[in-house]
Amino acid sequence: MAQQTALSAPELVDRIVAGERRALARAISLVEADTPTGREVQAALYPRTGHAQTIGITGSAGAGKSTLVGALAREERKRGRTVGIVAVDPSSPFSHGAILGDRIRMQDLTSDGGVFLRSMASRGNLGGLSETATGVIDVMDAAGFDVVIVETVGAGQDEVEVATAAGTTVLITNPGGGDEIQSMKAGLMEVAQILVVNKADLAGSDTAVTQLKALLAIADLGAWTPPILKATAKTGEGIPELVDAIDRHQEHLHSSEHAEDERRALSRKQIVALARASLHRQALEVAHGSGALDDLVSAVAARRRDPRSAAESLLEAVKREWAASE
Amino acid sequence: MTNERPIRVLIAKPGLDGHDRGAKVVARALRDAGMEVIYTGIRQTPQMIAEAALQEDAQVVGLSILSGAHLELFPRVVEELRQRGVDDVLLFAGGIIPKEDITKVQEIGFQGVFGPGTNTNDIIEFVKSHAPVRA
Ligand SMILES: Nc1nc2c(ncn2[C@@H]2O[C@H](COP(=O)(O)OP(=O)(O)OP(=O)(O)O)[C@@H](O)[C@H]2O)c(=O)[nH]1
Ligand SMILES: [Mg+2]
């Protein structure tokens, strides 16, 4: 089949701003693949961002994130807002293939012209989610959606990463997840601005709320204290209250008193996260490419060297490589 | 800039029958071959399929149909795609399509038609060699 003539970045930008959904879909692919055109589109669109409420939904596997994203989107639509959704599914790390099934639960939203749903594999790549998700959120924001929701797999690092990409991060837990809540690091509390005990139709939701409260009490909070809500995503119960809480947090973000600080804090987190991810990836590329890592691994495994000085040597090798490629 | 992009394939079941075992087998086979498969489930209308293909920027759309309504539904899928400007996707179909209909289905725009008992490797090969290249 013939290859479609690729649109240039300025053409894509014009079409996205004009509301052309196909251009938006194509641009998301380019951002996801991190192509030069994708980067150009991202850069050109960035000044147009800032309109959307950006919401990150995170939590452990099976907590009900996808179900809740659907319920949330329906409630936002009831309130007359347009919604962009990025659903991130785990990919099988083996072959890099993935089955993305979140559309199954949001079929009704496919027929709604006010919704744009994009499925994404997490790819398990070194850059992690932050690089891609931040870019895709920005493109949807610039495309004019009132609300942009990102669901991510709650695997450790990702939870922190999604928090850097979204204005409001919602952490989903479940009743009976007591051990899990206990072992949750207080740091996780600090990246979420709203805590939801989902599956409140099951026994034990009050206990979960109490445990979350106890964790919050020792967390290092700023000017915003995360509310703890109960919800049943399956039936929609508690979802209007969740949207209210998100709105309150977004107001907090934009209130004259906090807006500047919050914007700077979010921008700082984003820059640092993106730089770290990029550094990580580039360094490992050099390390693997030059064989330097393998040599060091052998030395440390045989206890001829200590890991710390090996790490320093690795960094030196990376720096030399960079200097040489300049 | 080293991300190698996997082929994105949308797998959907149009029509009213609720059996998606075949569709799932194909979805898993394509995943195992390294593709990103967006699985949309059963009872999809032509509008839903076309809209999902657009939003997901799928390069390939595979439909599984057992109900016998292919000659009615497939042209509508093609029309809905056309209306959305989605003019560069590879289409293929599987399920129960009688031999005498295969040429008609191909004329509608489904380059690949795979009957029951097809080896999934044939589908993988077909998709790999025909999927449009995305610049
Ligand atoms: N009882 C009950 N079950 C729910 C509720 N919300 C979701 N579930 C169920 O929980 C299971 C997991 O739901 P998902 O929405 O797929 O959860 P998820 O967090 O997106 O899962 P992953 O993306 O796989 O991590 C499904 O069987 C849902 O039907 C709820 O409010 N109550
Ligand atoms: Mg999910």
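The values are calculated or read from the model by the stated rules, or taken from the named source; none is laboratory data. Bear in mind that the values here come from a model prediction, so they are computed numbers and not experimental data. FYI the Cβ positions are ideal-geometry reconstructions off the backbone, even for glycines, and counts take in every protein chain you see. For accessibility, only protein heavy atoms count, side chains too; no ligands or nucleic acids. Shrake-Rupley method; radii C 1.70, N 1.55, O 1.52, S 1.80 Å.
Taking residues in region B:31-52 that are more than 8 Å from every other protein chain (Cβ to nearest Cβ), and partners anywhere that are among the aliphatic types (A, V, I, L, M) and buried (at least 24 other Cβ atoms within 10 Å of the Cβ), the pairs with Cβ atoms closer than 6 Å and at least 6 places apart or on different chains are B:Pro46/B:Val77; B:Ile49/B:Ala12; B:Ile49/B:Val77. Pick from region A:227-263 the residues that are farther than 19 Å from A:Asn174 by Cα and basic (Lys, Arg): which of them is farthest from ligand 1 (Cβ to nearest atom)? The selected residue is A:Arg263. Only one of the numbered conditions (1) closer than 30 Å to A:Arg39 by Cβ; (2) of a type in the set (Val, Ile, Thr); (3) touching a Ser or Thr at 6+ places or on another chain (Cβ under 9 Å) is not met by B:Val9, and that is (3). Contact annotation: residue pairs with Cβ atoms under 7 Å, 6 or more positions apart or on different chains, pairing a residue in region A:58-81 that is under 16 Å from A:Ser119 (Cα atoms) and assigned by TED's automatic domain parsing to the domain that holds A:Gln107 with a partner that is near ligand 1 (Cβ under 7 Å from one of its atoms) and assigned to a helix (DSSP H, G or I), are A:Ser66/A:Arg105; A:Thr67/A:Arg105; A:Gly70/A:Arg105. With the requirement that a residue be under 13 Å from the mean Cα position of the chain (by Cα) and more than 14 Å from chain A (Cβ to nearest Cβ), what does region B:109-122 give you? B:Val113, B:Phe114, listed by residue number. Working only within region A:254-279, note down all residues that are among the aliphatic types (A, V, I, L, M) and more than 22 Å from A:Thr132 (Cα to Cα). Of everything in region A:254-279, just one residue is among the aliphatic types (A, V, I, L, M) and more than 22 Å from A:Thr132 (Cα to Cα), namely A:Ala259.
To keep it simple, each residue is scored yes or no on (1) outside any loop (DSSP other than H, G, I, E, B); (2) surrounded by fewer than 12 Cβ atoms within 10 Å (Cβ to Cβ); (3) more than 30 Å from the chain's Cα centre (by Cα).
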{"site": "A:Ser278", "(1), (2), (3)": "yes, no, no"}
{"site": "A:Arg281", "(1), (2), (3)": "yes, no, no"}
{"site": "A:Leu284", "(1), (2), (3)": "yes, no, no"}
{"site": "A:Val297", "(1), (2), (3)": "yes, no, yes"}
{"site": "A:Val300", "(1), (2), (3)": "yes, no, yes"}
{"site": "A:Arg303", "(1), (2), (3)": "no, yes, yes"}
{"site": "A:Ser313", "(1), (2), (3)": "yes, no, yes"}
{"site": "A:Val318", "(1), (2), (3)": "yes, no, no"}
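Screening region A:286-295 for residues that are of a type outside the set (S, T, N, Q) and assigned to a helix (DSSP H, G or I) and picking the one that is nearest to A:Trp322 (Cα to Cα) gives A:Val286. Applying the condition of being modelled with pLDDT of 90 or more and open to solvent by 10 Å² or more (accessible area, probe 1.4 Å) to region A:143-177 and asking which residue is farthest from ligand 1 (Cβ to nearest atom) yields A:Gly144.
Across region B:91-103, the number of residues qualifying as open to solvent by 80 Å² or more (accessible area, probe 1.4 Å) and within 16 Å of the chain's Cα centre (by Cα) comes to 1.
Among the conditions (1) farther than 30 Å from A:Thr132 by Cα; (2) of a type in the set (A, V, I, L, M, F, W, C); (3) within 14 Å of chain A (Cβ to nearest Cβ), B:Leu81 misses just one, which is (1).
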